[in-house]
1. Among the residues of segment 93-112, is any open to solvent by less than 40 Å² (accessible area, probe 1.4 Å) and either over 29 Å from residue 222 (Cα atoms) or of a type in the set (S, T, N, Q) (or both)?
2. Could you list, in sequence order, the residues of segment 166-209 that are in a loop (DSSP other than H, G, I, E, B) and at pLDDT 95 or above?
3. Residue 125 versus (1) part of a loop (DSSP other than H, G, I, E, B); (2) surrounded by 17 or more Cβ atoms within 10 Å (Cβ to Cβ): which is the lone unmet condition?
4. Being modelled with pLDDT under 95, in a helix (DSSP H, G or I) and either out of contact with any helix residue (DSSP H, G or I) (no Cβ under 7 Å at 6 or more places or on another chain) or on the phi > 0 side of the Ramachandran plot (or both): is that true of residue 116 here?
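The values are calculated or read from the model by the stated rules, or taken from the named source; none is laboratory data. Computed from a prediction, not measured in an experiment: that's the story for all the values here. Virtual Cβ from ideal backbone geometry, glycine too; neighbours counted across all protein chains shown. The protein model used for the area step is the full one, side chains on, heavy atoms only, and it has no ligands, DNA or RNA in it. Shrake-Rupley method; radii C 1.70, N 1.55, O 1.52, S 1.80 Å.
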Amino acid sequence: MADGKCNGCGECAKNCPTNAISLYGKSMTADEVVAEIAKDELLYFHSGGGFTFSGGEALTQPKFVAEVFKLAMQRGISGTIETSACVPWENIAAVVPLVPKFYVDIKHMDPVRHKELTGLSNEIVLDNIRKIDGCGCDITIRVPVIPTINDGEDNIKATADFCRGLKNISELELLAYHKLGMITYRKLGRKMELNHMEPPSKNDMLQIARRLKLTLPSLSVKINGGEI
C-alpha cells in the first residue's frame, strides 16, 4: 500500500487475521500457467480435451497467449480460446496459427444498439469473425440471450443471416443470461446494471433455438452446451 492506494502486492490479504480481505487473481508467467495446465494433462490425453483461454479478454495480451499455446503444444496439450473479438486484428492474427478453434460472442447485431449496450459498435467484432473464418479456423458463435435486450425476432434473424455467411462455423450456442457474476461485480466494487433482469425461461430459449435451427438446418444449435 502506497499513498493510500492499492498496488496489488497482496500483503494485506496474506496478513488479514479474519480473512476479510481476499486476493482476486495474480500475475503469472507463461511457464507458470503451462505448469498449472499440465497438472491435468493425463485427463486431456484420455478425454481428447485441453485448456481454454477465457475472459476478461485474453487477446489484449496476444504475445502472452501465443507463448502459452506454444509451450503447451510442446507438451502435446491443445487449447482453444473464448474471445469477444473486440480487439485489433493483429492481436488475433498473432495467435491464429496456434489456435484451431475460436469461441466468439455476438451480443447484438445492430451496431447502434450494440454501442448503446456495450459502449462500442460491433463492427470490429463482426469484421474480425469474418477474418477468423477466412483463415480456416473452426468457429463457435455464442449468443448470450438477455430478455428484451437481444432476443427479438429482428436480432435473431440478423444473427442467423450473419452465421449463414460463415464457411467454418461449426456451432451456434445460446447462453441464457444469469446472475452468477454478481459476486465478481461486488468484489470489484462495481454496479451490475442488469441486476433487475430475470433469466430467460427454458421454453423461451428453446423457441429461439428452434427458430435458428429452421433458418440454419445444417448447423448445430445448442442451448448452454446441450443440443436441442
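1. For segment 93-112, residues open to solvent by less than 40 Å² (accessible area, probe 1.4 Å) and either over 29 Å from residue 222 (Cα atoms) or of a type in the set (S, T, N, Q) (or both): absent.
2. As a first pass, look at segment 166-209 and keep what is in a loop (DSSP other than H, G, I, E, B): 166-168, 177-181, 188-201.
If the condition is that a residue be in a loop (DSSP other than H, G, I, E, B) and at pLDDT 95 or above, then 166, 167, 168 are the ones that fit.
3. It is condition (1) that residue 125 fails.
4. Criteria met by residue 116.
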